[in-house]
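Below you will find the structure I want to go over with you.
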Amino acid sequence: MNWNSTALRDASRARNHGKIIELARTHHRMTQLQLGEACGLSQSAISRLEKRGSSPYTMDVLIRVSAHLGIPAALLGLADTGVRAGNGTEHVERRQFLGGVAAMAATPVLAAIPELPDESGQQAAALRLGTTSYRRLDGSTPSRELSGAVHSHMRLIQGLVGSAPTPGHRTKLAAVASEAAGLAAWLAWDMGDNGSARSFYGSAVKAARSAGDPLLAAYQAGSLAQFEAHAGNAAQALGLAAAARRFLGPTRPAIADAWLSSVEALGHAARGDQRSADRALTRSRAAAETHTRDEPPPWPWVFAFDEAKVASFRVTCGAKLGLPEWAVTADAAALATGHAKQRALLVLDIAAGHLAAGRIEAAFALASRAMDTGLHYRSGRIVERARALRRSLTTSSPPKVVRDFDEHLHGVYL
């Protein structure tokens, strides 16, 4: 797309960012619904965004949409000057997204996140915005490429925490340190480094508690619970989920209740308790239905947690429980959740369901597709899950699709 076209320049000068988004979306042949699903928004929210004209825009939404469409940050007012893009420039999404975030850190658009009037609050807000940008890049960037930048970002925050001049300043920075450690944990998990993931998650929980932020502490404890459930440590997962609920207390956002209920379902599935898993998923679905889709998720959630996400958790629980009727009956909404790496993991869960039902050909055809994604993003987690699926089949005479899969796996080192 020619980002220097007259129509785009005129819209940018008029600060009609919605028109720019509409032109970019139609160039990519995306519907409003498709773009909304990719960005965690509804079709109606995208429609309102494109018709907004020169009215004020929510910067977080602009960042989200520009990243998916590859729109240069300068066109949307997210960078100062000097940002130029050619036609089809390689890696434009990463450069423009990070360029926009860097500019945002020095301008009034920091109002897109919770406003903190003093200097320490502005520093924490700028650092938090950087963490958010890295979280969004996770869907389009191999974790091995992103982890170095995230670790440097985390060390910067930790150094600032250590040199904070006042307890109040230190408390605000501790919350930002927790968020960065949680992201580092997620990336380590994706790379298959479970030891580092567990350590980073533990640091994230500890920092969130030091910050005195119950919502953040619950998020980090729930994230560690989800990690332990996938690792097969059911008792730890359920204990951590219970701790997350205690952090929140009786009053909690619907998104937190829905997500924690699904995490608890994973814990029950890891323990082999189908009835409890089913009950937890029912609670999760009911909570998700009470959350208005057009509402932005509360920090530290970056993406919405809706009924489609609950359906994806049901697929994973079905794979753990060996229930083909849960794992194989995934609807299109469940398969459309998350980014490519998350969908690949879900496809492996569906493959496990087919394998449990004796449909070997279907199982390994799906697993091969997921493996392609894992190799493309160099995701150790996806590759190891694919290996685990292969180990679950024991036969002296595997069919051709399995032999092809074995050849695909042979010599893979990430």
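The values are calculated or read from the model by the stated rules, or taken from the named source; none is laboratory data. Keep in mind the model is a prediction, meaning the values are calculated, not measured. Quick reminder, even Gly has a Cβ in these numbers, built from the backbone with ideal geometry, and neighbours come from all protein chains shown. Just the protein is used for accessible areas: all its heavy atoms, side chains included, with ligands, DNA and RNA removed. Shrake-Rupley method; radii C 1.70, N 1.55, O 1.52, S 1.80 Å.
From the Cα gyration tensor of region 127-167, with a ≥ b ≥ c the square roots of its eigenvalues, which class applies: rounded if a/c is under 1.5, or else prolate if a/b is larger than b/c, or else oblate?
oblate
For the ranges 384-393, 61-70, what's the packing order if you count other beta-carbon atoms within 10 Å of each residue, average per peptide, and put the highest first? Don't skip to the answer; put the middle values down first.
Values: 384-393: 16.2, 61-70: 22.7.
Taking the mean over residues of other Cβ atoms within 10 Å, the ranking is 61-70, 384-393.
For region 297-414, just say rounded, prolate or oblate: build the C-alpha gyration tensor, square-root its eigenvalues into a ≥ b ≥ c, call rounded for a/c under 1.5, and beyond that prolate if a/b exceeds b/c, oblate if not. Show your work: numbers first, answer last.
Details: a/c = 2.58, a/b = 1.46, b/c = 1.76.
Oblate shape, in that a/c is at least 1.5 and b/c is the bigger or equal ratio.
What is the local net charge at residue 18, summed over the other residues whose Cβ is closer than 12 Å to its Cβ (Lys, Arg +1; Asp, Glu -1)?
Residues near residue 18 contribute +4 overall.
With every protein chain kept in place and ligands, DNA and RNA left out, what is the accessible area per residue of region 208-364? Probe 1.4 Å, answer in Å². Mind showing how you got there, number by number?
Details: 6110 Å² over 157 residues.
Averaged over the residues of region 208-364, the accessible area is 39 Å².
What are the lysines whose alpha-carbon lies under 24 Å from the alpha-carbon of residue 341, with same-chain residues fewer than 8 places away excluded?
309, 320
Can you list the GluC sites (Glu not before Pro) in region 1-68 that are in a DSSP coil and have 15 or fewer other beta carbons within 10 angstrom? Can you show the working numbers first?
Values: sites: 22, 37, 50; in loops: none.
Here no GluC sites (Glu not before Pro) fit, given the DSSP loop and packing criteria.
Sticking with this one: Give the lysines reachable from residue 19 as a straight Cα distance under 18 Å; neighbours fewer than 8 places away on the same chain don't count.
The qualifying lysines are 51.
Another question, then. I need the shape label for region 207-316. Rule: rounded when a/c is under 1.5, else prolate if a/b > b/c, else oblate, with a, b, c from the alpha carbon gyration tensor.
Since a/c reaches 1.5 but b/c is at least a/b, the shape of region 207-316 is classed as oblate.
A follow-up question, please. Starting with the highest mean, order 124-137, 238-251 by the number of other Cβ atoms within 10 Å, averaged over the residues of each peptide.
Ranked from most to least packed, the peptides come out as 124-137, 238-251.
Let me ask something additional. Tell me the carbon and sulfur percent of the accessible area for region 1-62, rounded to whole percent, probe radius 1.4 Å.
Working: 1560 of 3260 Å².
Ligands and nucleic acids excluded, carbon and sulfur give 48 percent.
So, one more: Could you calculate, for region 145-272, the ratio of the Cα radius of gyration to the Kirkwood radius, expressed as Rg to Rh? Working shown, then result.
Details: Rg = 14.9 Å, Rh = 14.9 Å.
Using Cα coordinates only, the ratio equals 1.00.
Ignoring ligands, DNA and RNA, please state the percent of accessible area on region 130-240 from carbon and sulfur, probe 1.4 Å.
Carbon with sulfur: 54 percent of the solvent-accessible area.
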